[in-house]
Amino acid sequence: MSETAAANLPATPVTGKPLVNDPIEERVLVKRAQEGDLSAYDELVRRYQERIYATLYQMTSNHEDANDLAQESFIKAYQALKSFKGNSSFFTWVYRIAVNKTINFLKQRKNRGHMSLNDLDFQAEHDPDLVALVSDKTPRRDLNLAELQEKLNAAMQKLSEDHRLVVTLHDIQDLSHEEISKIMDCNVGTVRSRLYYARQQLQAYLSDYLK
Amino acid sequence: MNPAPEDNFEPLQKLLALKRHETPPPGYFNDFSAKICARIEAAETAQPASWWHRLQGAFDAKPILACAYGLAVGGLTLFAVYSASNLGLDNANPPVGNGASLVTSPALQSAPAEFAGHPFVGNEPGTNAPHGPVPPNFLLYPGELKTERVDFKSNPK
(Lines give C-alpha, C1' and ligand atoms only; values in the text may rest on other atoms or scores of the structure.)
Protein backbone atom coordinates (compact mmCIF):
# COMPACT_ATOMS: atom_id res chain seq x y z
CA MET A 1 0.00 0.00 0.00
CA SER A 2 1.61 3.24 -1.04
CA GLU A 3 1.84 6.00 1.49
CA THR A 4 1.26 8.56 -1.24
CA ALA A 5 -2.20 7.19 -1.76
CA ALA A 6 -2.90 7.61 1.92
CA ALA A 7 -1.76 11.22 1.77
CA ASN A 8 -4.22 11.87 -1.02
CA LEU A 9 -7.17 10.59 0.96
CA PRO A 10 -10.06 13.01 1.12
CA ALA A 11 -10.99 14.38 4.49
CA THR A 12 -13.65 11.82 5.31
CA PRO A 13 -16.11 12.74 7.99
CA VAL A 14 -15.86 10.26 10.83
CA THR A 15 -18.45 10.41 13.54
CA GLY A 16 -19.00 14.04 12.73
CA LYS A 17 -15.32 15.02 12.61
CA PRO A 18 -12.97 15.35 9.65
CA LEU A 19 -10.33 12.66 9.30
CA VAL A 20 -7.56 15.14 8.55
CA ASN A 21 -8.07 18.62 9.93
CA ASP A 22 -5.74 20.59 7.70
CA PRO A 23 -3.02 18.61 5.93
CA ILE A 24 -0.68 21.56 5.46
CA GLU A 25 -1.00 22.76 9.01
CA GLU A 26 -0.57 19.18 10.18
CA ARG A 27 2.68 18.79 8.24
CA VAL A 28 4.00 21.93 9.88
CA LEU A 29 3.08 20.57 13.29
CA VAL A 30 4.72 17.23 12.53
CA LYS A 31 7.90 18.95 11.34
CA ARG A 32 8.05 21.06 14.48
CA ALA A 33 7.45 17.99 16.63
CA GLN A 34 10.22 16.14 14.78
CA GLU A 35 12.55 18.97 15.76
CA GLY A 36 11.62 18.44 19.40
CA ASP A 37 8.83 21.00 19.82
CA LEU A 38 6.57 19.34 22.40
CA SER A 39 3.87 22.00 22.13
CA ALA A 40 3.41 21.03 18.47
CA TYR A 41 3.15 17.39 19.44
CA ASP A 42 0.67 18.33 22.16
CA GLU A 43 -1.53 19.84 19.45
CA LEU A 44 -1.26 16.69 17.34
CA VAL A 45 -2.26 14.55 20.31
CA ARG A 46 -5.26 16.77 20.99
CA ARG A 47 -6.44 16.31 17.43
CA TYR A 48 -6.53 12.52 17.53
CA GLN A 49 -6.74 11.54 21.18
CA GLU A 50 -10.49 10.90 21.14
CA ARG A 51 -10.41 8.73 18.03
CA ILE A 52 -7.42 6.73 19.15
CA TYR A 53 -8.80 6.25 22.64
CA ALA A 54 -12.23 5.26 21.30
CA THR A 55 -10.77 2.65 18.97
CA LEU A 56 -8.59 1.15 21.69
CA TYR A 57 -11.52 1.15 24.09
CA GLN A 58 -13.73 -0.66 21.55
CA MET A 59 -10.95 -3.19 21.08
CA THR A 60 -10.34 -3.85 24.77
CA SER A 61 -13.74 -3.07 26.35
CA ASN A 62 -11.70 -1.75 29.24
CA HIS A 63 -11.20 1.92 30.08
CA GLU A 64 -7.95 1.49 32.01
CA ASP A 65 -6.34 -0.64 29.32
CA ALA A 66 -7.45 1.77 26.61
CA ASN A 67 -6.04 4.68 28.61
CA ASP A 68 -2.64 3.00 29.07
CA LEU A 69 -2.45 1.85 25.48
CA ALA A 70 -3.44 5.25 24.10
CA GLN A 71 -0.80 7.03 26.18
CA GLU A 72 1.90 4.51 25.30
CA SER A 73 0.98 4.67 21.63
CA PHE A 74 1.37 8.45 21.51
CA ILE A 75 4.67 8.21 23.39
CA LYS A 76 5.94 5.52 21.00
CA ALA A 77 4.82 7.63 18.07
CA TYR A 78 6.80 10.60 19.39
CA GLN A 79 9.89 8.45 19.87
CA ALA A 80 9.57 7.08 16.33
CA LEU A 81 8.58 10.42 14.82
CA LYS A 82 11.95 10.91 13.13
CA SER A 83 11.25 7.84 11.01
CA PHE A 84 7.96 9.37 9.80
CA LYS A 85 8.61 10.59 6.25
CA GLY A 86 5.32 12.39 5.80
CA ASN A 87 4.22 10.36 2.79
CA SER A 88 1.09 9.18 4.59
CA SER A 89 -1.11 11.17 6.90
CA PHE A 90 0.06 11.43 10.48
CA PHE A 91 -3.34 10.09 11.51
CA THR A 92 -2.91 6.83 9.56
CA TRP A 93 0.63 6.44 10.86
CA VAL A 94 -0.21 6.96 14.52
CA TYR A 95 -3.32 4.83 14.16
CA ARG A 96 -1.19 1.97 12.87
CA ILE A 97 1.13 2.24 15.86
CA ALA A 98 -1.81 2.20 18.27
CA VAL A 99 -3.53 -0.71 16.54
CA ASN A 100 -0.38 -2.86 16.42
CA LYS A 101 0.34 -2.13 20.05
CA THR A 102 -3.21 -3.06 21.03
CA ILE A 103 -3.24 -6.28 19.05
CA ASN A 104 0.04 -7.33 20.69
CA PHE A 105 -1.42 -6.46 24.07
CA LEU A 106 -4.61 -8.44 23.44
CA LYS A 107 -2.66 -11.49 22.29
CA GLN A 108 -0.66 -11.42 25.52
CA ARG A 109 -3.75 -10.78 27.62
CA LYS A 110 -5.67 -13.68 26.03
CA ASN A 111 -8.38 -15.05 28.33
CA ARG A 112 -7.28 -12.83 31.19
CA GLY A 113 -9.18 -9.72 30.32
CA HIS A 114 -12.15 -8.30 32.12
CA MET A 115 -14.48 -5.60 30.98
CA SER A 116 -14.47 -2.13 32.47
CA LEU A 117 -17.12 -0.34 30.49
CA ASN A 118 -17.64 3.36 30.15
CA ASP A 119 -21.01 4.86 30.89
CA LEU A 120 -23.41 5.55 28.08
CA ASP A 121 -23.97 9.19 27.34
CA PHE A 122 -27.31 10.93 27.73
CA GLN A 123 -28.10 10.76 24.03
CA ALA A 124 -28.19 6.96 24.01
CA GLU A 125 -31.54 6.91 25.80
CA HIS A 126 -33.00 9.12 23.10
CA ASP A 127 -31.65 7.24 20.12
CA PRO A 128 -34.80 5.84 18.45
CA ASP A 129 -32.99 2.78 17.08
CA LEU A 130 -31.64 1.87 20.48
CA VAL A 131 -34.93 2.55 22.20
CA ALA A 132 -36.60 0.22 19.72
CA LEU A 133 -34.01 -2.46 20.39
CA VAL A 134 -34.63 -2.54 24.11
CA SER A 135 -38.39 -2.12 24.01
CA ASP A 136 -39.77 -4.17 21.16
CA LYS A 137 -37.30 -6.54 19.62
CA THR A 138 -35.63 -8.22 22.54
CA PRO A 139 -36.95 -11.34 24.25
CA ARG A 140 -36.74 -9.56 27.62
CA ARG A 141 -38.65 -6.33 27.56
CA ASP A 142 -37.15 -5.22 30.81
CA LEU A 143 -33.67 -5.29 29.30
CA ASN A 144 -32.10 -1.91 29.72
CA LEU A 145 -29.46 -0.21 27.67
CA ALA A 146 -26.68 -0.99 30.15
CA GLU A 147 -27.41 -4.71 29.93
CA LEU A 148 -27.54 -4.55 26.16
CA GLN A 149 -24.21 -2.72 26.22
CA GLU A 150 -22.70 -5.53 28.29
CA LYS A 151 -24.02 -8.23 25.94
CA LEU A 152 -22.70 -6.34 22.95
CA ASN A 153 -19.24 -5.90 24.46
CA ALA A 154 -19.11 -9.56 25.48
CA ALA A 155 -19.97 -10.55 21.91
CA MET A 156 -17.28 -8.22 20.56
CA GLN A 157 -14.70 -9.81 22.82
CA LYS A 158 -15.49 -13.22 21.35
CA LEU A 159 -14.26 -12.07 17.94
CA SER A 160 -10.64 -12.47 16.92
CA GLU A 161 -8.53 -9.30 17.18
CA ASP A 162 -8.51 -8.74 13.42
CA HIS A 163 -12.26 -9.21 13.10
CA ARG A 164 -12.95 -6.98 16.10
CA LEU A 165 -10.69 -4.30 14.68
CA VAL A 166 -12.36 -4.23 11.31
CA VAL A 167 -15.84 -3.99 12.87
CA THR A 168 -14.63 -1.26 15.20
CA LEU A 169 -13.05 0.79 12.45
CA HIS A 170 -15.86 0.37 9.94
CA ASP A 171 -19.12 0.03 11.82
CA ILE A 172 -18.28 2.15 14.87
CA GLN A 173 -15.60 4.59 13.70
CA ASP A 174 -17.02 4.88 10.17
CA LEU A 175 -13.69 4.57 8.40
CA SER A 176 -13.75 3.49 4.77
CA HIS A 177 -12.46 0.13 3.54
CA GLU A 178 -9.49 1.87 1.94
CA GLU A 179 -8.53 3.69 5.12
CA ILE A 180 -8.84 0.46 7.12
CA SER A 181 -6.67 -1.40 4.61
CA LYS A 182 -3.93 1.20 5.10
CA ILE A 183 -4.16 0.99 8.86
CA MET A 184 -4.23 -2.81 8.91
CA ASP A 185 -1.65 -3.06 6.13
CA CYS A 186 -3.73 -5.45 4.03
CA ASN A 187 -5.73 -5.18 0.83
CA VAL A 188 -9.30 -3.96 0.56
CA GLY A 189 -10.62 -7.43 -0.30
CA THR A 190 -9.26 -8.78 2.97
CA VAL A 191 -10.96 -5.95 4.84
CA ARG A 192 -14.29 -6.71 3.17
CA SER A 193 -14.11 -10.44 3.85
CA ARG A 194 -13.08 -9.92 7.48
CA LEU A 195 -15.92 -7.46 7.93
CA TYR A 196 -18.41 -9.91 6.46
CA TYR A 197 -17.35 -12.80 8.68
CA ALA A 198 -17.11 -10.61 11.76
CA ARG A 199 -20.66 -9.35 11.23
CA GLN A 200 -21.92 -12.88 10.68
CA GLN A 201 -20.34 -14.02 13.93
CA LEU A 202 -21.69 -11.03 15.84
CA GLN A 203 -25.12 -11.61 14.38
CA ALA A 204 -25.04 -15.21 15.61
CA TYR A 205 -23.87 -14.20 19.11
CA LEU A 206 -26.52 -11.49 19.39
CA SER A 207 -29.36 -13.19 17.55
CA ASP A 208 -31.68 -12.90 20.58
CA TYR A 209 -31.40 -9.13 20.51
CA LEU A 210 -31.72 -8.64 16.77
CA LYS A 211 -35.12 -10.28 16.13
CA MET B 1 -31.10 -8.07 -5.65
CA ASN B 2 -32.06 -8.35 -2.04
CA PRO B 3 -29.43 -9.70 0.33
CA ALA B 4 -30.04 -13.02 2.04
CA PRO B 5 -31.60 -12.65 5.51
CA GLU B 6 -28.36 -13.67 7.19
CA ASP B 7 -26.52 -11.02 5.17
CA ASN B 8 -28.79 -8.20 6.26
CA PHE B 9 -26.62 -6.46 8.80
CA GLU B 10 -28.71 -3.35 9.30
CA PRO B 11 -30.13 -4.33 12.74
CA LEU B 12 -26.63 -5.30 13.85
CA GLN B 13 -25.24 -1.96 12.71
CA LYS B 14 -27.96 -0.20 14.66
CA LEU B 15 -27.00 -2.19 17.72
CA LEU B 16 -23.31 -1.43 17.19
CA ALA B 17 -24.20 2.26 17.17
CA LEU B 18 -24.68 1.84 20.92
CA LYS B 19 -20.94 1.68 21.31
CA ARG B 20 -20.59 5.21 19.97
CA HIS B 21 -22.41 6.38 23.07
CA GLU B 22 -19.85 4.88 25.43
CA THR B 23 -17.87 7.81 26.71
CA PRO B 24 -14.96 8.05 29.16
CA PRO B 25 -15.42 9.87 32.48
CA PRO B 26 -16.15 13.61 32.15
CA GLY B 27 -13.00 15.70 31.80
CA TYR B 28 -10.91 12.69 30.85
CA PHE B 29 -9.42 14.35 27.79
CA ASN B 30 -8.76 17.69 29.50
CA ASP B 31 -5.25 16.77 30.58
CA PHE B 32 -4.65 13.74 28.39
CA SER B 33 -2.14 15.38 26.05
CA ALA B 34 -0.43 17.14 28.98
CA LYS B 35 0.13 13.77 30.66
CA ILE B 36 1.68 12.39 27.51
CA CYS B 37 4.01 15.37 27.10
CA ALA B 38 5.01 15.11 30.75
CA ARG B 39 5.85 11.44 30.33
CA ILE B 40 7.87 12.21 27.20
CA GLU B 41 9.81 14.94 29.00
CA ALA B 42 10.43 12.70 32.00
CA ALA B 43 11.70 9.90 29.76
CA GLU B 44 14.00 12.28 27.88
CA THR B 45 15.53 13.74 31.03
CA ALA B 46 15.85 10.36 32.74
CA GLN B 47 17.99 8.66 30.11
CA PRO B 48 18.40 8.62 26.38
CA ALA B 49 16.45 5.89 24.63
CA SER B 50 18.51 2.76 24.20
CA TRP B 51 18.99 1.27 20.74
CA TRP B 52 16.60 -1.50 21.75
CA HIS B 53 13.83 0.94 22.66
CA ARG B 54 14.35 2.81 19.42
CA LEU B 55 14.18 -0.50 17.58
CA GLN B 56 10.95 -1.39 19.39
CA GLY B 57 9.52 1.96 18.34
CA ALA B 58 10.42 1.22 14.77
CA PHE B 59 8.84 -2.24 15.07
CA ASP B 60 5.60 -0.71 16.31
CA ALA B 61 5.57 1.72 13.42
CA LYS B 62 6.48 -0.90 10.80
CA PRO B 63 5.76 -4.51 11.80
CA ILE B 64 7.51 -5.73 8.65
CA LEU B 65 10.75 -4.59 10.27
CA ALA B 66 10.08 -6.96 13.17
CA CYS B 67 9.50 -9.74 10.67
CA ALA B 68 12.75 -8.93 8.85
CA TYR B 69 14.63 -8.75 12.14
CA GLY B 70 13.24 -12.15 13.19
CA LEU B 71 14.20 -13.68 9.84
CA ALA B 72 17.71 -12.24 10.05
CA VAL B 73 18.26 -13.54 13.59
CA GLY B 74 16.80 -16.94 12.66
CA GLY B 75 19.00 -17.11 9.56
CA LEU B 76 22.12 -16.24 11.50
CA THR B 77 21.27 -18.88 14.12
CA LEU B 78 20.77 -21.55 11.45
CA PHE B 79 24.02 -20.52 9.75
CA ALA B 80 25.87 -20.71 13.07
CA VAL B 81 24.45 -24.17 13.83
CA TYR B 82 25.29 -25.40 10.32
CA SER B 83 28.83 -24.01 10.50
CA ALA B 84 29.37 -25.52 13.94
CA SER B 85 28.20 -28.95 12.81
CA ASN B 86 30.52 -28.81 9.76
CA LEU B 87 33.42 -27.77 11.98
CA GLY B 88 32.74 -30.76 14.22
CA LEU B 89 32.78 -33.13 11.24
CA ASP B 90 36.07 -31.68 10.01
CA ASN B 91 37.70 -32.25 13.39
CA ALA B 92 36.29 -35.75 13.70
CA ASN B 93 37.71 -36.82 10.30
CA PRO B 94 41.19 -35.36 9.83
CA PRO B 95 42.52 -35.77 6.33
CA VAL B 96 44.51 -39.00 5.92
CA GLY B 97 46.33 -39.76 2.75
CA ASN B 98 49.10 -41.76 1.20
CA GLY B 99 49.35 -44.18 4.11
CA ALA B 100 50.59 -41.45 6.40
CA SER B 101 50.66 -42.20 10.08
CA LEU B 102 47.73 -41.03 12.17
CA VAL B 103 50.19 -40.27 14.89
CA THR B 104 50.59 -36.53 15.10
CA SER B 105 51.59 -36.03 18.69
CA PRO B 106 55.11 -34.63 19.00
CA ALA B 107 55.58 -36.81 22.07
CA LEU B 108 55.01 -39.94 20.02
CA GLN B 109 57.14 -38.76 17.18
CA SER B 110 60.01 -38.02 19.51
CA ALA B 111 59.84 -41.32 21.39
CA PRO B 112 63.28 -42.81 21.84
CA ALA B 113 64.11 -45.71 19.56
CA GLU B 114 64.91 -47.96 22.51
CA PHE B 115 61.20 -47.91 23.45
CA ALA B 116 60.09 -49.14 20.07
CA GLY B 117 58.59 -52.29 21.51
CA HIS B 118 57.25 -50.67 24.65
CA PRO B 119 53.50 -51.21 25.15
CA PHE B 120 52.94 -47.48 25.74
CA VAL B 121 54.64 -46.43 22.53
CA GLY B 122 53.31 -46.28 19.02
CA ASN B 123 49.65 -46.35 19.81
CA GLU B 124 47.09 -44.31 18.03
CA PRO B 125 46.10 -41.06 19.60
CA GLY B 126 42.87 -41.00 21.50
CA THR B 127 43.17 -44.60 22.69
CA ASN B 128 43.79 -45.72 26.21
CA ALA B 129 46.80 -47.61 27.51
CA PRO B 130 48.44 -49.83 26.47
CA HIS B 131 47.89 -47.89 23.24
CA GLY B 132 48.39 -44.40 24.67
CA PRO B 133 51.05 -41.74 24.16
CA VAL B 134 54.52 -42.05 25.71
CA PRO B 135 54.50 -41.34 29.42
CA PRO B 136 56.91 -38.77 30.83
CA ASN B 137 60.49 -39.87 31.49
CA PHE B 138 60.24 -39.77 35.27
CA LEU B 139 57.69 -42.57 35.07
CA LEU B 140 59.90 -44.71 32.84
CA TYR B 141 63.11 -43.95 34.79
CA PRO B 142 62.15 -43.36 38.43
CA GLY B 143 65.85 -43.53 39.37
CA GLU B 144 66.63 -40.44 37.36
CA LEU B 145 64.17 -38.34 39.26
CA LYS B 146 66.16 -35.52 40.84
CA THR B 147 65.33 -34.01 44.15
CA GLU B 148 66.53 -30.71 45.51
CA ARG B 149 66.61 -29.54 49.07
CA VAL B 150 65.04 -26.24 49.88
CA ASP B 151 66.17 -24.17 52.79
CA PHE B 152 63.32 -22.06 54.06
CA LYS B 153 65.37 -20.52 56.85
CA SER B 154 67.99 -18.77 54.78
CA ASN B 155 67.21 -15.30 53.62
CA PRO B 156 68.42 -14.49 50.10
CA LYS B 157 69.05 -10.89 51.17
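The values are calculated or read from the model by the stated rules, or taken from the named source; none is laboratory data. The structure displayed is predicted, hence computed values, not measured ones. With ideal geometry, Cβ positions are generated from the backbone for all residues, glycine too; neighbour counts draw on all protein chains shown.
Just give me the residues in segment A:23-37 being surrounded by fewer than 17 Cβ atoms within 10 Å (Cβ to Cβ) and at negative phi, in sequence order. Give the steps one after another, and end with the answer.
Here is the first cut: in segment A:23-37, the residues surrounded by fewer than 17 Cβ atoms within 10 Å (Cβ to Cβ) are A:23-25, A:27-28, A:31-32, A:34-37.
Scanning segment A:23-37 gives A:P23, A:I24, A:E25, A:R27, A:V28, A:K31, A:R32, A:Q34, A:E35, A:D37.
Do any helices (runs of 4 or more DSSP H) lying entirely in segment A:121-176 carry at least 3 residues that are surrounded by 13 or more Cβ atoms within 10 Å (Cβ to Cβ) and at pLDDT below 75, and which ones are they? Steps first, please.
On the way: elements: A:128-135, A:145-158, A:161-167.
Output list reads A:128-135.
Would you confirm whether any residue within segment A:64-84 is touching a residue at least 60 places away in the same chain (Cβ under 8 Å), assigned to a helix (DSSP H, G or I) and either touching a strand residue (DSSP E or B) at 6+ places or on another chain (Cβ under 7 Å) or more than 8 Å from chain B (Cβ to nearest Cβ) (or both)? If you could, list the steps in order and put the result at the bottom.
Of segment A:64-84, the ones touching a residue at least 60 places away in the same chain (Cβ under 8 Å) are none.
For segment A:64-84, residues touching a residue at least 60 places away in the same chain (Cβ under 8 Å), assigned to a helix (DSSP H, G or I) and either touching a strand residue (DSSP E or B) at 6+ places or on another chain (Cβ under 7 Å) or more than 8 Å from chain B (Cβ to nearest Cβ) (or both): absent.
Pick from A:S89, A:S116, A:S61: which is modelled with pLDDT of 90 or more, under 20 Å from the mean Cα position of the chain (by Cα) and of a type in the set (G, A, S)? Explain how you work it out, then say what you get.
Numbers: A:S89 fails: modelled with pLDDT of 90 or more; A:S116 fails: modelled with pLDDT of 90 or more.
On inspection, the qualifying residue turns out to be A:S61.
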If a residue has to be at the interface with another protein chain (Cβ under 7 Å from one of its Cβ atoms) and crowded, with 16+ Cβ neighbours inside 10 Å to count, how many in segment B:21-57 make the cut? 10
